[in-house]
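S.K.: Below you'll find the structure I mean.
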Amino acid sequence: MQLCPRCHTENEDGLNFCRECGAALQPLPPMPQMHAGVPGFALKNLPGWVWGALALVLSLAAGAYLLLYGPGGIYSIPYGERAYGNWILAITDEDPTLYSINVLTGEKYQIARDVYRGFILPDEKRLVYVVRGRNDTWDIFLCNIRGENKKTIVTGLSDVADFEFSADGSVLAITWGDNTSGYNVDVYSTRSGRKLGSPVSSLKGVKGLYVSSMSANGRYIVYDTDNYQQYETHTTPTTYATYLVDVKGEETTTISETSDFFSSTFFTKDGSRVIYIGEYNIWSLDVSSRKRERIYAGAEHLVPVWWIV
């Protein structure tokens, strides 16, 4: 018989634990050392090339940290930046200088100084950036990812607000202006720099205008307007409106006029339809016929997935 060291109950021989209190009756064997489930794993057994790879990764991480956050280093990525693949854009803190950086190789190229915003095009070979010009205006340029082959898109714009690109980056829509002088949307070819059209010109009576989507071929844009200044005075509900227009501004179609704040629009992949997701409705608009149909209506509040993540 075995006597429990804790409660002194007699237990039959061969038991490992007391039948009364569960205490161990015999010393437990030591636990085997586990390393991520790999038998016989030990750091000292790693081959030299693994150590070399780890050292390279740590060096790149440390270098990137110092580059981005070190003394006199880069402190921000331009607002609205679109990064593709291995390249990002960033701006230095003291003298606002735009750099393109390859996050894998550590390549770093100075693009321009006194830069307000910058965007990498989807081809990952070119970028568009905005520089402060004369008399508080803005100039927009196009160059390759290394800052070479600079091309002037447009100069002398006031209050540049936003950019939108076609899927292949060949067409660029620029939103500029304000609610006093009016809002404008100009569309340019990023290949030639030629102006393709002005679908919106000197639009007044709204507080803001934003291009939310562009068709893959760059022929149509969707833009949103709002009049939230009325909401601030609590006189009338805020109205948000969404429109489809061709880049030449020859035909404008209203997609939605609503008080929905959480909404989103996008073109289908083939560019034949625009889908509008509101807070309680989903609309589909045929681009050719401009016929609109409601494809969902319900009492439950809809929130596009990208508002959640």
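S.K.: Aspartates and glutamates within cross-link reach of residue 248: Cα-Cα under 12 Å, excluding same-chain residues under 8 positions apart?
M.R.: The qualifying aspartates and glutamates are 186.
S.K.: Work out, step by step, the length gained on full extension between residue 104 and residue 9: first 0.36 nm times the residue separation, then minus their alpha carbon distance; give nm to one decimal.
M.R.: 27.6 nm
S.K.: I want to check the label-to-label distance for residue 217 and residue 159. Put each point 7 Å from Cα in the C-beta direction and report it in nm to one decimal.
M.R.: 3.5 nm
S.K.: Taking the Cα-to-Cβ direction at residue 300 and at residue 152 and moving 7 Å from each Cα, how far apart do the two end points lie in nm?
M.R.: Once both label points are built, they end up 5.6 nm from each other.
S.K.: Give me the extension gain from residue 93 to residue 179: residue separation times 0.36 nm, minus the current Cα-Cα distance, reported in nm with one decimal.
M.R.: Stretched out fully, the residue 93 to residue 179 stretch lengthens by 27.9 nm.
S.K.: Just to check I understand the Karplus step: with θ = phi - 60° and J = 6.51 cos²θ - 1.76 cosθ + 1.60, what whole-Hz values come out for region 248-256, glycine and proline as x?
M.R.: 3J(HN,Hα) across region 248-256, in whole Hz: 8, x, 7, 9, 10, 10, 7, 8, 7.
S.K.: Continuing with the same structure: So, for region 98-235, what is the accessible surface per residue at a probe of 1.4 Å, expressed in square angstrom?
M.R.: Ligands and nucleic acids excluded, the result is 45 Å² per residue.
S.K.: Now for a separate question. Rounded to the nearest 0.05, what FRET efficiency do residue 144 and residue 270 have when you use their Cβ-Cβ distance and R0 = 25 Å?
M.R.: That gives a FRET efficiency of 0.25.
S.K.: Net charge around residue 189, counting only other residues with Cβ within less than 13 Å of its Cβ (Lys, Arg = +1; Asp, Glu = -1)?
M.R.: +4
S.K.: Rounded to whole Hz and in sequence order, give me ³J(HN,Hα) for region 186-195 from the Karplus expression 6.51 cos²θ - 1.76 cosθ + 1.60, θ = phi - 60°, writing x for Gly and Pro.
M.R.: Going residue by residue, I get 10, 10, 10, 8, 7, 7, 9, x, 6, 6 Hz, with x marking Gly and Pro.
S.K.: For residue 207, list the aspartates and glutamates whose Cα falls under 12 Å from its own Cα; do not include residues on the same chain fewer than 8 positions away.
M.R.: 178, 224, 226, 232
S.K.: Right, something else. So for 12, 107, 257, what's the accessible-area order with a 1.4 Å probe, most first?
M.R.: From most exposed to least exposed: 257, 12, 107.
S.K.: Once phi is turned into ³J(HN,Hα) by the Karplus curve 6.51 cos²θ - 1.76 cosθ + 1.60 with θ = phi - 60°, what whole-Hz value does each residue of region 126-139 show in order, with x for glycine and proline?
M.R.: 3J(HN,Hα) across region 126-139, in whole Hz: 9, 8, 10, 9, 10, 10, 5, x, 7, 6, 6, 10, 10, 10.
S.K.: Let me ask something else. What are the residues whose amide H is under 5 Å from the amide H of residue 197, where those residues sit 5 or more places off or on another chain and H is modelled from the backbone?
M.R.: Here 187 satisfy the definition.
S.K.: Please give the residues of region 202-216, grouped as numeric ranges, whose backbone N is less than 16 Å from a label point set 7 Å along the Cα-to-Cβ vector of residue 248.
M.R.: Those under the cut-off are none; the list is empty.
S.K.: If you don't mind, there's one more thing I want to ask. Show the residues, 5+ positions off or on another chain, whose built amide H is closer than 5 Å to the amide H of residue 111.
M.R.: 98, 99, 100
S.K.: What are the residues whose amide H is under 5 Å from the amide H of residue 255, where those residues sit 5 or more places off or on another chain and H is modelled from the backbone?
M.R.: Counting only residues 5 or more places away or on other chains, the set is 242, 243, 244.
S.K.: What distance in nm lies between label points placed 7 Å from Cα along the C-beta direction at residue 286 and residue 203?
M.R.: Modelled inter-label distance: 2.5 nm.
S.K.: Shifting gears a bit: Using a 1.4 Å probe and ignoring any ligands, DNA or RNA, find the accessible area of residue 4 and quote it in Å² to the nearest 10.
M.R.: Residue 4 has an accessible surface of roughly 0 Å² with all protein chains in place.
S.K.: Shifting gears a bit: Straight-line reach only, C-alpha to C-alpha below 21 angstrom: list the lysines that residue 108 could link to, leaving out same-chain residues fewer than 8 apart.
M.R.: 125, 150, 151
S.K.: Measure of size requested: the Rg and Dmax of region 101-174, with Cα atoms as the atom set and Å as the unit; please supply both.
M.R.: 12.6, 40
The values are calculated or read from the model by the stated rules, or taken from the named source; none is laboratory data. It should be emphasised that the depicted structure is a prediction, and the values quoted were computed from it without experimental measurement. Please note: Cβ atoms are built from the backbone with ideal geometry, for glycine as well, and neighbour counts cover all protein chains shown. With ligands, DNA and RNA removed, areas are computed over all heavy atoms of the protein, side chains included. Shrake-Rupley method; radii C 1.70, N 1.55, O 1.52, S 1.80 Å.
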